[in-house]
Amino acid sequence: MKVVHTIAELRAAIGGPQRAAFVPTMGNLHEGHLALVRQAKSLARAGEPVVVSIFVNRLQFAPHEDFDRYPRTLARDCELLEPAGCDIVFAPDERELYPEPQGYKVNPPAELADILEGHFRPGFFTGVCTVVMKLFQIVQPRVAVFGQKDYQQLMVLRRMAQQFALPIEVVGGQTRRADDGLALSSRNGYLSADERAEAVTLSRVLRAVRSQLDGGDRDLAKIEQGALDALTARGWKPDYVAIRRRADLQVPTAEQLAAGEPLVVLAAAKLGATRLIDNLEL
């Protein structure tokens, strides 16, 4: 496995005309990331390397968020990546990826990017799309794998690739969970022991939403409010619990519910100082 830090080194390491299977990350890796790497390895064609980028992208953090304290664990990450099937680690610094202020940015459509996460984190998806578009141009992958835990992000990036006619297949990897059901996340490391024990409540609330819908309840506003109340009662500060159409993350109509429209429930909430997200297809 090669570890490179510049665009020139990366292109030399990939070499020739072949493409790559690509997993973009911000580092501080866990089993969820490693599962994406193994998935990329399974999707790579003969001669295609698996490339993993590690870059904490300032553009997607608001001024009050955790950019400065986000863990940088490159040496440990590399130890984990090699046995998972990574061939090349691309770990640029900010000067390499942004040698000048990034004036050109990718602004995704408001109807998809300014709801849910985008409502509570204005500009987040512009930052994500801009860095991913730049990484796509640098790596030139044939396939790129992103985790479904970031459900809205996956949808935004998939649409971006489609609308720009990028010759890249954007693939989702299933959310990996701890034994108690908590979705794996780099930010779980911020949790105290007591908070970690409580954090599983988020996935339990999502499962309760699914049970209500499976039981025939179609009052989405009531179900969502009940989920918010359940989190608040346990000391969480929820941003949203939202039942949406899988196709476009819009609110389903009564007719669509009756017709069996595929749905997903998405949630974001703070536990102490740590903001966690999760989702469950229904």
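Summing -39500 (n - 2.57) over the DSSP H runs of n ≥ 4 in the chain and dividing by its residue number, what mean residue ellipticity at 222 nm do you reach, to the nearest 500 deg cm²/dmol?
Numbers: 12 runs with 113 residues, N = 282.
Calculated at 222 nm, the ellipticity per residue is -11500 deg cm²/dmol.
Using the crude model of +1 on Lys and Arg Cβ and -1 on Asp and Glu Cβ, and no other charge, please compute the dipole size for region 55-147 relative to its Cα centre, in debye to 20. Present the calculation step by step, with values, prior to reporting the outcome.
Values: 9 positive and 14 negative charges, 28 e Å.
Dipole size: approximately 140 debye.
Could the peptides 212-218, 234-240, 47-53, 267-273 be put in order, highest first, of the mean number of other beta-carbon atoms found within 10 Å of their residues?
47-53, 267-273, 234-240, 212-218
Which ³J(HN,Hα) values in Hz, rounded to whole numbers, follow from the phi angles of region 23-30 under the Karplus curve 6.51 cos²θ - 1.76 cosθ + 1.60, where θ = phi - 60° and Gly and Pro get x?
10, x, 9, 9, x, 6, 6, 9
Just need the relative contact order of the chain here, percent rounded to a whole number, with Cα pairs under 8 Å and 6+ apart.
Worked out over the chain, it gives 18 percent.
Please give the Cα centre distance for region 27-41 versus region 240-282, rounded to the nearest Å.
Spelled out, the Cα-based centre of one part sits 25 Å from the other.
Among the chymotrypsin sites (Phe, Trp or Tyr not before Pro) within region 100-179, which fall in a DSSP loop and have no more than 13 other Cβ atoms within 10 Å of their own Cβ?
Loop-located and lightly packed - Tyr104, Phe164.
Compute the angle between helix 74-84 and the longest alpha-carbon principal axis of the chain, please, reported from 0 to 90 degrees and rounded to the nearest 10.
The answer is roughly 90 degrees.
Counting other C-beta atoms within 10 Å, and keeping those with at most 11, which DSSP coil trypsin sites (Lys or Arg not before Pro) do you find in region 42-123?
In loop regions of region 42-123 (DSSP not H, G, I, E or B), the sparsely surrounded trypsin sites (Lys or Arg not before Pro) are Arg45, Arg69.
Could you size up the charge dipole of the chain around its Cα centre, putting +1 on the beta carbon of Lys and Arg and -1 on that of Asp and Glu, and report it in debye to the nearest 20? Don't jump to the answer; show the numbers that get you there.
Details: 34 positive and 35 negative charges, 78 e Å.
That gives a dipole near 380 debye.
Which of rounded, prolate or oblate describes region 138-269 when judged by the alpha-carbon gyration tensor and an a/c cut-off of 1.5? Don't skip to the answer; put the middle values down first.
On the way: a/c = 2.47, a/b = 1.22, b/c = 2.03.
Oblate, because a/c is 1.5 or more while a/b does not exceed b/c.
What are the trypsin sites (Lys or Arg not before Pro) within region 138-216 that DSSP puts in a loop, where the Cβ has at most 14 other Cβ atoms within 10 Å?
Within region 138-216, no trypsin sites (Lys or Arg not before Pro) qualify (loop, at most 14 other Cβ atoms within 10 Å).
Using a probe of 1.4 angstrom, how much of the accessible area of region 158-282 is carbon and sulfur, in percent?
Solvent-exposed carbon and sulfur of region 158-282 make up 48 percent of the total.
Before I look further, what does the chain give for accessible area per residue, probe 1.4 Å, in whole square angstrom?
Ligands and nucleic acids excluded, the result is 47 Å² per residue.
Report ³J(HN,Hα) in whole Hz for each residue of region 228-233, in order, from the Karplus equation J = 6.51 cos²θ - 1.76 cosθ + 1.60 where θ = phi - 60°; Gly and Pro get x.
Values per residue, Gly and Pro as x: 4, 5, 5, 5, 4, 4 Hz.
Pull up the cross-link candidates among the lysines for Lys237, meaning alpha carbon to alpha carbon under 18 Å and not fewer than 8 places away within one chain.
Answer for Lys237, where 18 Å is the Cα cut-off: Lys270, listed by chain and number.
First select every other residue whose beta carbon is under 15 angstrom from the beta carbon of Ala110; then total the charges, Lys and Arg +1, Asp and Glu -1.
So the surrounding residues net to -1.
Given a Förster distance of 30 Å, report the FRET efficiency between Arg45 and Lys237 from their Cβ-Cβ distance, rounded to the nearest 0.05.
In this case the efficiency is close to 0.05.
Karplus couplings for region 36-52 from phi (6.51 cos²θ - 1.76 cosθ + 1.60, θ = phi - 60°), rounded to Hz, Gly and Pro as x?
Along region 36-52, the couplings run 5, 5, 5, 5, 4, 4, 5, 8, 5, 8, 3, x, 8, x, 8, 10, 10 Hz.
Under a Cβ-Cβ cut-off of 15 Å, what is the net charge of the residues other than Met133 that fall near it, where Lys and Arg count +1 and Asp and Glu count -1?
+4
The values are calculated or read from the model by the stated rules, or taken from the named source; none is laboratory data. Everything quoted here is computed from the prediction, not taken from an experiment. Heads up, the Cβs are rebuilt from the backbone with ideal geometry, glycines too, and the neighbour counts pull from every protein chain shown. What goes into the accessible areas is simple: the full protein's heavy atoms, side chains included, and nothing from ligands, DNA or RNA. Shrake-Rupley method; radii C 1.70, N 1.55, O 1.52, S 1.80 Å.
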